[in-house]
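For reference, the structure is listed below as structure tokens.
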């Protein structure tokens, strides 16, 4: 299923994720059976069940520290996040919700050490509302035989230097591009040093991040809310598309409104800025 995701902070309860590890598909007729058997048994269903049990039991027991142990730290760095930030998100969620039940619906092989695991779990809110959620959990068995979540599928990133915003101005700058197992993303740094408010979107008009890839394709990623930036504020926003894995060559921000003191848009709004191009 194709997805387009735009988030101010990448923080999912279960990081739907996957990493790609190349494997040699060439084999002789005399050894093919043995190699196939080794690949099939390198990450077993028993190991998958044990990992899923550990992940969900950590949530059921409200043990965010144990949950964090399952997350691959490199994937968090690619996303500009950390275990501490994810822990805060999990702790906040678990204060208002209980995870009571879970089950594996299906398991698919991606390669010999990576599994796509579809799960269902039951959530009960403080108010007693019971909901069922289905999730896609991507697990990888690493070289130390530890099973990890590659959070949000982040497998690479390219960082860019974010320069100081001059006084009296506001800036949207590219902080990093992110490679996912089946998609791409961009993280933008926002800073407003102007003496007026700036919004990304206005009223029922929402802002967009526009990504152009090296093959010339363009992907418009809309936000689902208006983002308001008062003077002397900073923010980071991230946008992802699962429609391509090609390299990003251009990043634009669309729907930027400069606001008057009474909150109405200034003349010339909305604006579109090209914040990166190679």
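Coordinate-derived values only; no laboratory data. Model, not experiment: these values are computed from the prediction. As a convention, Cβ positions derive from the backbone with ideal geometry for all residues, glycine included, and neighbour counts pool all protein chains shown.
Give the calculated FRET efficiency between residue 84 and residue 267 to the nearest 0.05, with a Förster radius of 35 Å applied to their Cβ-Cβ distance.
Details: r = 44 Å, r/R0 = 1.25.
Plugging the Cβ-Cβ distance into 1/(1 + (r/R0)^6) gives 0.20.
Can you run the Rg to Rh ratio on the chain? Use alpha carbon positions and the Kirkwood inverse-distance Rh.
Working: Rg = 21.7 Å, Rh = 20.9 Å.
Ratio of gyration radius to Kirkwood radius for the chain: 1.04.
Which angle between 0 and 90 degrees, to the nearest 10, do you get for helix 32-41 versus the longest principal axis of the chain when only C-alpha atoms count?
60 degrees
Order 64-72, 95-103, 251-259 from most to least packed using the mean count of other Cβ atoms within 10 Å. Numbers along the way, then the final one.
On the way: 64-72: 18.0, 95-103: 13.9, 251-259: 20.4.
Top of the packing list down: 251-259, 64-72, 95-103.
Would you please give the FRET efficiency between residue 133 and residue 42, computed as 1/(1 + (r/R0)^6) with r the Cβ-Cβ distance and R0 = 35 Å, to the nearest 0.05? Provide the component values of the computation, followed by the final result.
On the way: r = 30 Å, r/R0 = 0.85.
E(calc), rounded to 0.05, equals 0.70.
Rank the residues 163, 156 as a footprinting-exposure proxy: fewest other Cβ atoms within 10 Å of their Cβ go first. List each step's numbers first, then the result.
Working: 163 9, 156 14.
So the residues, fewest neighbours to most, are 163, 156.
If each of residue 50 and residue 169 carries a label point 7 Å out from its Cα toward its Cβ, how far apart are those two points in nm?
Modelled inter-label distance: 5.6 nm.
Kindly put 187, 136 in sequence by how many other C-beta atoms sit within 10 Å of each C-beta, fewest to most. Walk me through the numbers on the way to the answer.
On the way: 187 24, 136 16.
With the sparsest Cβ surroundings first, the list reads 136, 187.
Based on the alpha-carbon set only, what is the convex hull volume of segment 99-166 divided per residue, in Å³?
Values: hull volume 12.7 nm³, N = 68.
Taking the convex hull of the Cα positions in segment 99-166, it is 187 Å³ per residue.
Under a point spin-label approximation (7 Å from Cα along Cα-to-Cβ), what is the residue 77-residue 142 distance to one decimal in nm?
So the label points at residue 77 and residue 142 sit 1.1 nm apart.
Can you tell me the orientation of helix 45-60 relative to the chain, as the angle in degrees between its alpha-carbon axis and the longest Cα principal axis, to the nearest 10?
Here the helix axis deviates by roughly 50 degrees.
Taking a quarter of the surface of the convex hull around the Cα atoms of segment 160-277, what do you get in nm²? Don't skip to the answer; put the middle values down first.
Numbers: hull surface 29.2 nm².
It is 7.3 nm².
Mind checking the angle between helix 83-96 and the chain's longest principal axis? C-alpha axes, 0 to 90 degrees, to the nearest 10.
The answer is roughly 90 degrees.
Restricting to segment 194-235, what percent of DSSP beta bridges are antiparallel, rounded to 5? Could the numbers behind the result be given before it?
Numbers: 10 of 10 bridges.
Restricted to segment 194-235, the bridges split so that about 100 percent are antiparallel.
Rank the residues 226, 274 as a footprinting-exposure proxy: fewest other Cβ atoms within 10 Å of their Cβ go first. Write out the running numbers ahead of the final one.
Values: 226 16, 274 11.
Going from least to most buried by this count: 274, 226.
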